[in-house]
Amino acid sequence: MRLKGRHWIAAWLVGFLAVTWVVYARQAAAIRDARELADLRTRSAGLEARRADLERRIRAAQGRAILVPRAQRQLGLHLPADSEIVLLPVPGSGSH
Amino acid sequence: MAKPAVRLRVVEVAVFLGLLLLLGRAAQVQLLQGRRWAEEARARRTERIVLPARRGALLDRHGAPLALTQETYHVGVAPNELRDPAPDGELIARRLGISGRAWQQALRQRYAYFGGPYSALEVEPLRSVRGVHLEPMPSRFYPAPALARATIGRVADDGGGGGGGGGAGASGLEKALDSLLAGRPGAAVVLKDRAGRAYESPARVIAQPVAGRDVVLTLDRELQEIAQRALDDALHRMDAEGGDVVMLDPATGEVLAIASRQRPSAFTDAFEPGSLAKIFAAASLLSHKRVSLTERVSGEGGSYRLRDRTVTDEDPQPSLTLGDAIRVSSNIAMVKFAARLTPAEQYATLRDFGFGAPTGIEFPAEAVGRLRPPSEWTRPSAASLAMGYELSVTPIQMAVAYGALAHEGVLLQPTLVREVRSPSGEVLYRHRPEPIRRAVPAGVAAVLRDLLRGVVERGTGTEAALTGFPVAAKTGTARRVVNGRYAAGQYTASFAALFPADEPQLVLVVKLENPRKGSYFAAQTAAPVTRSMLEQALAARTVALDRARLSTVAPRAATAPPEDDGGVVPYVVPWPYRPDSAGAARRRIVPDVAGLDMRDAVRALHRRGFRVVFKGWGNAVHTWPPAGDSATAGAAVTLFAAGPMPPPAPGPTRSAATPRQPVQ
């Protein structure tokens, strides 16, 4: 069957619409992905910041400036003199 | 009036010319200037942006972060875009920590800008507020801001240098290691609308950013904290103007801790070491065989007159050997002994120990100190150098020189860098000990260590003595130079120690500037500080000490009878979590602990060097191996008790002295 002029026009129109739709779909998907990526980056930065903040607080709490006075006050511990330190030798090995 | 046909012709020609002009212009724009206009259009539509590279992290030797790069934000607020200015404003002001008045002022502007930088946590609730615009920027973050800050340094505020850490390194290690840490920024192109705002579309990446390398430093976080706290405490207690503490591993040249007040003066400020340098005069004498250890010189009653000066001793002795001279820090004896050396010999030994030359450590603007060549010496120079004057050194130089005494006479290159890692974690560089030269023969170094041991056992350094571990050290109290002159009544107290005296694992140098409260002598100021730091280091689990080796040099602690402890609960250092070597295996008698309560029984077994495994709870009944049998030191002894094991206590209440599970 030979296509008439109007059919050609319709075919071109459909083709044009299809290409336009593909372009639109690709753009929309890209924007959606970009938005998602930005959100993930934001969340990642937020979590990183939270991790760093917690790490800082843990390290501060583990620091001797905090721990030693607290151990002395609450547990009655003290920094040992060297005479109070016992080092257990490794068994079953030759001397160094 | 022209005929219509003529008028029509004119219009035709005009239109034709107009079209021709248009066509010509179009050709000019499209064909001749096309490239330029296309560029301009692209420039208006797109923007080339820099993708910052993450600046590498600085870590301590155990991997604890000391400096990191994080994303932070500047915040812009467009008041007319806010949906609900009152509650939004309150939220913004609260999150950004700005006063109500400042916020009111900001509301009067078209666009208020708050530089911050604010952390991601701070701005998190503002992300959904319309009218708030966040501008991300990388910032350098120091998890423990006070820790080794002078050594670590800082980065510049601007974004220069290509680093993603908020700028290039401006001081300290941030500057010295900038080429490793900075990374290489990338580039991308983004699309913009007519108003210049970037479209919400993925950027076209032209070059990916390359993150900087992570650098693992040699610093030990816990030793660093011990050093800083001890220094701060000493400065406060003695009302001293300043001071430094350096801890060095003599086997590798790695700097384990370096504490200074405010400035990195351990690298940059040279001082006259005084008696601290006498050991190097002794090194020269022994190396050149100019003295025997039994030879004696007269103490001159404590005052010895040279041609142009009088040398005095704080603790006059009738006669002294070289060992005595070091032990009591005799100026007179050292001057007399050093007179046997030629200037070239004396100079060469000091030079061999690294004085008068930079150590080459990775720190910018390291001071060289001063050691004049013999050609520039005056008549009293030889005597002055024997006593540690006419010589200026930095604390790091002194630590390196004492490190050579500890390392069989070989001077090692000091370092602050242990490892360099790629962003993926691959190790690109790992420090290996780098010998510079042999300063003295190994035999001479051993003799010198013995002399230093005498200082702590019977000399000026007794305040640094530990009960269970031998320490070798030297005190130094020198007049202080202020503005090029000796300041009246001002002294620098310094102390250099090798711990333990046999096979040293740690070199400590403590320097206190002008202690004004109490004694100014190093024996009463710097020596006790050293002792305190050593005790804390011994009790700290993660400190880079090889306890397996230490256990072999602590016979008194391991064999002391349990009843000699005066009721003090010992801090039991557990099995070395990462032993580098092994100690000697000696057999010991298992003590009789039947009838003792659990704590005393454990203490008694620990005192004999055994590990303990519990069976039951309450008073001890018997052990396996039984009392009287022998077992290898460090072996596990099972302790049987009368009652059953109690249920585990809630919460993290375990302590080293409260056994709830087998002590390893």
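We did not get these values from a lab; they are worked out from the coordinates using the rules stated. Small disclaimer: the values here were computed from a predicted structure and weren't measured. Here Cβ is always computed from backbone atoms with ideal geometry, including for glycine, and neighbour counts include all displayed protein chains.
The table for this structure:
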read-out: Equivalent ellipsoid dimensions for the protein assembly as shown as semi-axes, Å, which come from the Cα gyration tensor, largest first; value: 69, 38, 24
read-out: Virtual spin-label span in nm between B:Ile206 and A:Arg2, 7 Å along Cα→Cβ; value: 5.6
read-out: Qualifying aspartates and glutamates (Cα of each under 19 Å from Cα of B:Lys336; at least 8 residues distant if same chain); value: B:Glu295, B:Glu300, B:Asp308, B:Asp313, B:Glu314, B:Asp315, B:Asp324, B:Glu345, B:Glu390
read-out: Descending semi-axes in Å of region B:240-286, equivalent ellipsoid built from Cα gyration tensor; value: 24, 17, 8
read-out: Whole-Hz ³J(HN,Hα) from phi, Karplus 6.51 cos²θ - 1.76 cosθ + 1.60, for region A:29-44, glycine and proline x; value: 5, 4, 5, 4, 5, 4, 5, 5, 4, 4, 4, 5, 4, 4, 4, 4
read-out: Residues with amide H under 5 Å from that of B:Gly243, placed H, sequence gap 5 or more; value: B:Arg261, B:Glu513
read-out: B:Arg418 long-range amide H proximity, modeled H, under 5 Å; value: B:Val216, B:Leu217, B:Thr218
read-out: Options B:Gln505, B:Pro117, B:Ser519, ranked by Cα towards positive dipole end of chain B, top entry (Cβ charges); value: B:Pro117
read-out: Stokes-Einstein D (µm²/s) once Rh is taken as the Kirkwood radius of chain A over alpha-carbon pairs, at 37 °C in 0.692 mPa s; value: 151
read-out: Relative exposure of B:Asp269, B:Asp450, judged by other C-beta atoms within 10 Å (fewest first); value: B:Asp450, B:Asp269
read-out: Shielding by other protein chains, A:51-62, mean Cβ within 10 Å; value: 4
read-out: Spatially proximal lysines relative to B:Lys511 (Cα-Cα < 17 Å; intrachain offsets below 8 disregarded); value: B:Lys278, B:Lys474
read-out: Exposure proxy order (Cβ contacts within 10 Å, fewest to most) of A:His78, B:His74; value: A:His78, B:His74
read-out: Cα-based convex hull volume of region B:146-303 per residue, rounded to whole Å³; value: 217
read-out: Area projected by the alpha carbon convex hull of chain B, averaged over all directions, nm²; value: 50.3
read-out: Charge context of B:Lys192, other residues only, Cβ under 10 angstrom, K/R +1, D/E -1; value: +2
read-out: Residue exposure sequence - B:Ser384, B:Ser329 - by fewest surrounding Cβ within 10 Å; value: B:Ser384, B:Ser329
